[in-house]
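The values are calculated or read from the model by the stated rules, or taken from the named source; none is laboratory data. Not measured: the values here are computed from a predicted model. Every residue, glycine as well, gets a Cβ built from its backbone with ideal geometry; the counts of neighbours run over all protein chains shown. Side chains are part of the model used for accessible areas, which takes the heavy atoms of the whole protein and leaves out ligands, DNA and RNA. Shrake-Rupley method; radii C 1.70, N 1.55, O 1.52, S 1.80 Å.
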Amino acid sequence: MRSFTGRDILSLKDFERNEFFRVFDVADRLKHFAEDRKNTDLLAEKTLVTAFYQPSTRTRLAHEAAMHRLGGHVTGFADAKMTRAGDFYQETIKDTVKMLEFYGDVIVMRHFQQGVPHEAAKWASVPIINGGDGWGEHPTQILTDLYTVYREKGRLDGLKWLAVGDMRMRTMHSLAHGLTQFDCPITFVSPPDMRLTNDFKKEIKKYNLNYKEAEHVEEAIGDADVILVEPVIQPDYTKSRDERDGDVDLTPANYKITRELLSKKAKSDAILLHSLPRMDEIPADVDITRWSRYWQEAFNGVVMRMALLALVLGTQE
Ligand code: CP
């Protein structure tokens, strides 16, 4: 297995099957600190730099919380407009990263342009973790989701997945790449203008992902062991900031998971994931059903980032 020390986490396309299990093992080992709400000193000599060029609640703060749990330090920015990258200078990624690498030992970056964390990784002497790049990928989120399923169901192979939402989303790309390493057939349900692109389909076919597409969640929910939902009413992820302008549409029934639908059609032991934020695609009354696991997913978001930080910083070889 390749070493994780010093490694960039840019894409799940890079991940081998045994590497997923390695990350899950480390997450299992570190989880008790988060469960007990205790901090340790594993990364006491290390600093995380957060470079967020697009809004985030979970990804930035889960990385920061993970670093605090492991006794490390955190610095960075959550609003690129307050840096020289966002003012008159429009400072390049190269120039910015050639500074940031001296401010810490690992950088987590979110950017509205696909591929920018990869560009940063070309110049940085410290590991870059992709916290979401445009429509590109969101590897740490899907590692969190796979870990959640692994812990909740005790396995990944043999589980059937249903993914609902905008298939242009970075999470969906990382999910498709990740599932190529497991025996996990998946059905994608999305509006016609939000389907997986032909280029992306060609790519995942090369890796033998067993997938199909459907028009309505009702067609596929009955077979699913794991239901992963993302919004179809959402901002433009290629903008640094996309404010809501007046009222927005409601989610059509085809892409909505209601309590009634779960009761009537879902497997009794299926689990429902949503990385959040949500619109109305999962109404709040689903939260206290036996299917929902998104709060567990949120907790695991911290645990997974603890594992990744510990691995890339070389304390868990
Ligand atoms: N799920 C997720 O990436 O959330 P944030 O945009 O709040 O980081």
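Below are the figures for this structure:
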{"read-out": "Relative contact order (%) - criterion: Cα under 8 Å, at least six apart; region: the chain", "value": "22"}
{"read-out": "Heavy-atom accessible area order for ILE107, ILE93, largest first, 1.4 Å probe", "value": "ILE93, ILE107"}
{"read-out": "Solvent-accessible surface (1.4 angstrom probe) belonging to LYS81, in square angstrom, nearest 10", "value": "140"}
{"read-out": "Length-normalised contact order of region 228-317 in % [C-alpha pairs under 8 Å, at least 6 apart]", "value": "31"}
{"read-out": "Amide hydrogen neighbours beyond the local backbone of ALA224, cut-off 5 Å, H modeled", "value": "LYS267"}
{"read-out": "The chain - accessible surface per residue (Å², probe 1.4 Å)", "value": "45"}
{"read-out": "Apportionment of accessible area to carbon and sulfur, the chain, percent (1.4 Å)", "value": "47"}
{"read-out": "Per-peptide average of other Cβ atoms within 10 Å, ordering 110-116, 306-312, 94-100 highest first", "value": "306-312, 110-116, 94-100"}
{"read-out": "Proximal lysines relative to LYS94, as straight alpha-carbon distance under 21 Å, when same-chain residues fewer than 8 apart are discounted", "value": "LYS81, LYS122, LYS239"}
{"read-out": "All lysines inside 27 Å of LYS264 as judged from Cα atoms, apart from same-chain residues fewer than 8 positions distant", "value": "LYS153, LYS160, LYS212, LYS256"}
{"read-out": "Derived scalar couplings ³J(HN,Hα) [region 294-311; Karplus, 6.51 cos²θ - 1.76 cosθ + 1.60; whole Hz; x for Gly, Pro]", "value": "6, 6, 5, 4, 5, 4, 5, x, 6, 4, 4, 5, 4, 4, 5, 5, 4, 6"}
{"read-out": "In sequence order, calculated HN-Hα J values of region 61-70 (Karplus, 6.51, -1.76, 1.60; Hz; x Gly/Pro)", "value": "6, 5, 5, 5, 4, 4, 5, 5, 4, 8"}
{"read-out": "Net lengthening on full extension, LYS265/GLU317 (0.36 nm per residue, minus Cα-Cα)", "value": "14.3 nm"}
{"read-out": "The chain, helix-only ellipticity at 222 nm - DSSP H runs n ≥ 4, -39,500 (n - 2.57), divided by all residues, nearest 500", "value": "-10500 deg cm²/dmol"}
{"read-out": "Shape call, region 210-317: gyration tensor on alpha carbons, a/c limit 1.5", "value": "oblate"}
